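Okay, structure first, notes after.
The values are calculated or read from the model by the stated rules, or taken from the named source; none is laboratory data. Predicted model only: the values in this text are computed from it and were never measured. Ideal geometry is used to build each Cβ from the backbone, glycine not excepted, and the neighbour counts take in all protein chains shown. What goes into the accessible areas is simple: the full protein's heavy atoms, side chains included, and nothing from ligands, DNA or RNA. Shrake-Rupley method; radii C 1.70, N 1.55, O 1.52, S 1.80 Å.
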Amino acid sequence: NGAVFGAALDKHMKVAHICVTEAETLKKLYGSKYVQSAMQDIPQQVKARVDNGEKVLFCGTPCQVAGLKTYLKTDCDNLLTVDFICHGVPSPMMWEKYVAEQEQMAGSNAAAANFRDKTLGWKQFSLWMQFDNGKIYSKPIPEDPYLHAFIMDAALRRSCLDCRVKQTGSMSDITLGDFWGVQKHCPSMADTQGVSVVLINTPDGAAAFDEIAGQTVHEEISLAVIDKISPSRCHSTPEVPYRNGFLRSLAGSGFRRAYKKWLGTSFFAKIRRKAALLKSRSDE
């Protein structure tokens, strides 16, 4: 008897927030989307439902939650907000150009995509795509250029390099994240599909978690441990030296050429050789 707002991938491979009111439609919101999600008139939709007395859950990046809260101006008892530990989102241009080239190579339009397929487990997840002609593409992080570019922070939005939310703190009721290093801190909970960090930020968040706690296996952990394994909770991602060059090439030459020039093995081999040369000179 409520509504859930979250990011979904549409049939054109665009990521945007949508409103879901039926349980069977929630699957559209499942999974990570490693690209900026368009908000459009979502804040207005949320406000209309909250003002109407409906229960609403909104999930988005920390800055999207902060933007929504700023727009609403007042706290709402019937609104629950969820964000996640975010190290930044890539420019939508990178995803658009990547999809276009994947479609060209497949000779067909993309029909579905999963940014984090766990067939190989959560530690080495894959980018999976299905095309209208039945072809399937699946490559893990080290082999898929889009995931690699994302992990290397090559196309993060400028605002992510100096995130204001990280300076002021999350405005959400609950923050989710990956529990990297779970095998060290809670070995009994480690598995191949991954374990989540759940940070309770407000009394509303605590009440919501208490409602489902019986359906979970959970342990309390020190926040200091979480900040050690996930520094992105509090710190912006520093700008990498190849970001501007990669984005310029991306806009002018397309995804594959930009990737090969700025993130390919030859580029990093050159960087390593230069670093080794500078080190040898300093040793002299």
I need the full set of residues from region 183-226 which are of a type outside the set (Lys, Arg), in a helix (DSSP H, G or I) and under 21 Å from residue 123 (Cβ atoms), in order please. 183, 185, 187, 188, 189, 225, 226
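Considering every residue within region 40-55, establish whether at least one is among the basic types (Lys, Arg) and out of contact with any Lys or Arg (no Cβ under 9 Å at 6 or more places or on another chain).
Within region 40-55, the first condition is being among the basic types (Lys, Arg), and the residues that meet it are 47, 49, 55.
With out of contact with any Lys or Arg (no Cβ under 9 Å at 6 or more places or on another chain) added as a condition, the list becomes 47.
Looking through region 40-55, at least one residue is among the basic types (Lys, Arg) and out of contact with any Lys or Arg (no Cβ under 9 Å at 6 or more places or on another chain).
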Residue 124 passes all but one of the listed conditions (1) in a loop (DSSP other than H, G, I, E, B); (2) more than 26 Å from residue 243 (Cα to Cα); (3) polar (S, T, N, Q); (4) touching a residue at least 12 places away in the same chain (Cβ under 8 Å); the exception is number (2)
Would you point out the residue of region 150-182, among those that are assigned to a helix (DSSP H, G or I) and of a type in the set (Ser, Thr, Tyr), that is farthest from the chain's Cα centre (by Cα)? 168
Just one listed residue, out of 196, 172, is surrounded by 19 or more Cβ atoms within 10 Å (Cβ to Cβ) and of a type outside the set (A, V, I, L, M), and it is 172
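Does region 223-246 hold any residues that are open to solvent by 60 Å² or more (accessible area, probe 1.4 Å) and without any contact (Cβ under 8 Å) to a residue 24 or more places away in the chain, and which are they? Show your work before the answer.
Taking region 223-246 as the starting set, the residues that turn out to be open to solvent by 60 Å² or more (accessible area, probe 1.4 Å) are 223-224, 228, 231, 233, 235, 238-239, 241, 244.
Listed by number, the residues that qualify are 224, 228, 231, 241, 244.
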In region 196-207, is there at least one residue being within 21 Å of the chain's Cα centre (by Cα) and at pLDDT below 90? no
Quick one: would you say residue 10 is among the charged types (D, E, K, R) and either modelled with pLDDT under 95 or in contact with a His (Cβ under 7 Å, 6 or more places away or on another chain) (or both)? yes
